[in-house]
1. Taking Lys10 as the anchor, which aspartates and glutamates have their alpha carbon closer than 17 Å to its alpha carbon, excluding any fewer than eight residues away along the same chain?
2. Restricting to DSSP loop positions (anything but H, G, I, E, B) with no more than 16 other Cβ atoms inside 10 Å of their own Cβ, which GluC sites (Glu not before Pro) remain in the chain?
3. Given [x] 3.7; [y] 5.0; [z] 3.4 as candidate values of mean projected area of the Cα convex hull in nm², which corresponds to the one derived from the coordinates?
4. What are the ³J(HN,Hα) couplings of the stretch 49-58, residue after residue, when phi is run through the Karplus curve with 6.51, -1.76, 1.60 and θ = phi - 60°? Round to Hz, x for glycine and proline.
5. Go ahead and estimate [θ] at 222 nm for the chain from helices alone: -39,500 (n - 2.57) per DSSP H run with n ≥ 4, summed, over the residue count, rounded to 500.
6. Kindly express, to the nearest 10 degrees and within the range 0 to 90, the angle between helix 9-18's C-alpha long axis and the longest C-alpha principal axis of the chain.
7. Based on DSSP loop calls and a cut-off of at most 13 other Cβ atoms within 10 Å, the longest stretch of the chain free of exposed trypsin sites (Lys or Arg not before Pro) is what?
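No lab work stands behind these numbers, since they all come straight from the coordinates. Just so it is clear, the model here is predicted, and its values are computed rather than measured. No Cβ is skipped: glycine too gets one built from the backbone with ideal geometry, and neighbour counts run over all protein chains shown.
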Amino acid sequence: MKQPKKLTLKNKKLLADVGLNPMEWMNYFEDDIYLHVIRKTDRAVVIIDKNEREITRQ
């Protein structure tokens with residue numbers, strides 16, 4: 001399993017637009033289209049589409 005990283009300011013704004021609290025999430029994987037974030041407490045993974053600014057998979 002990869003090490004989660006801190007969110008950048010751009011990622012924090014994206015999470016806030018989607019309706020998630022940026023303080024509870026960390027960057028798991030990021031590419032040009034999707035941002036995979038993982039919750040700090042229970043390791044739940046959420047995939048966010050950067051272009052559409054919506055959650056694609058939980």
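1. Glu24, Glu30, Asp31, Asp32, Asp49, Glu52, Glu54
2. Sparse-neighbourhood loop GluC sites (Glu not before Pro): Glu52.
3. Identified label for the calculated read-out: [x].
4. 7, 5, 6, 7, 6, 8, 7, 9, 8, 10
5. For the chain, the value works out to -5000 deg cm²/dmol.
6. Between the helix axis and the principal axis of the chain, the angle is about 70 degrees.
7. Segment 7-39 is the longest.
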